[in-house]
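Laboratory data are not the source of any read-out in this text; all were calculated from the coordinates shown. Quick caveat, the model's predicted, so the values are computed rather than measured. Cβ atoms come from the backbone with ideal geometry, glycine included; neighbour counts cover every protein chain shown.
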Amino acid sequence: MSSNALPTAGKPVKTTGLHTGDIVPGVAKVDPIIIANNITRTFGGLKAVDVEHLEIPRNAITALIGPNGAGKTTLFNLLTGFDKPNTGDWSFDGKSLSNVPAFKVARMGQVRTFQLTKALGLLTVLDNMKLGAKNQIGEGLFRSVLPFLWRKQDDALEQRARDLLVKFKLDAKADDYAASLSGGQRKLLEMARALMSEPALVMLDEPMAGVNPALTQSLLDHILDLKTQGMTVLFVEHDMAMVSHIADWVVVMAEGRVVAEGPPDIVMKDPAVIDAYLGAHIDTDLGVVTGRYVDPNAAAPTITATEIIEAGEAEADAVEPAPKKTTKRAAKKEVDK
């Protein structure tokens, strides 16, 4: 678990009542926005994803966690059309996404960001934002040379882009090249650009990876704000403090499979999840685990010095004395007797 304390003032209100029945892997949701069945993806002889059934609840923040190599990003790629599964089918908002390319998935209202940001460095921040809008009239070759057809829409899109940049505190960078932004600012830009398409589902692949701690609070607030605006969020993250803080539901993957899911407070206490992913010593300082120093907060040993001495004497009495060494002369005397 991350040792960095989350700076958010007050604990966010969690959405509950998301599932029906017992909390087990693949549990049905009351109002799922994504339903996936028998999704598999194999690379050579390795089955990277093997998800029998998974539902993502609508209007909630769902965290997808698991160790490196668990198949989280591969599952993201499959659900968003950036990769094709070997088997399986899935739907978004009741519409099948099987064999639907990524750009059409985005137009349907399911957008994603990447662990390694995809900002176009040689375009300005404002131009990057405007690229995120869908159904732009001036994108066609013929209509692009007729400004009177698209000028009004373009002005409206630019205003929307500037409003989002103000919200994400990037308005001062609007005319700068995206390549000049820091890693954290690029994460903010990518999230803001995703909102230009007015999505129903936002999928974030490790939004906190490589982000300066000074921007962590801003990213957290924006993710929480997405739910406030009626959007569904699905994100991959390794920072367990962040997951516990903002997620309404947690899905745990290991070796391509969904091994557990449920509310954060339940999942984090699952012994299988703790041992396999978080580690059995999650709440213990590594120095104590390795024996480099003694935990000052640990309870003092109850055994006394007298008990240690008595235990040592008892152990010594229990050990049979070693046989005396027999010399040749002593052996001869024994024979003569």
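Annotation: amide H of His53 within the under-5 Å range of Asn38, sequence separation 5 or more or interchain, hydrogens built in the peptide plane. Each principal axis of the Cα atoms in the stretch 121-180 has its own extent, and those three values, largest first, are 34, 22, 16 angstrom.
So how do 175-184, 219-228 stack up, highest first, on mean other-Cβ count within 10 Å?
Numbers: 175-184: 15.3, 219-228: 17.1.
Order by mean packing, descending: 219-228, 175-184.
Residues in the stretch 38-82 near a label at Ser98, defined as backbone nitrogen under 19 Å from the 7 Å Cα→Cβ point? Once the point is set 7 Å along Cα→Cβ of Ser98, 38-42, 49-56, 75-82 turn out to lie under 19 Å by backbone N, inside the stretch 38-82. Taken over the C-alpha atoms, the stretch 59-211 has Rg and Dmax values of 16.8, 53 angstrom.
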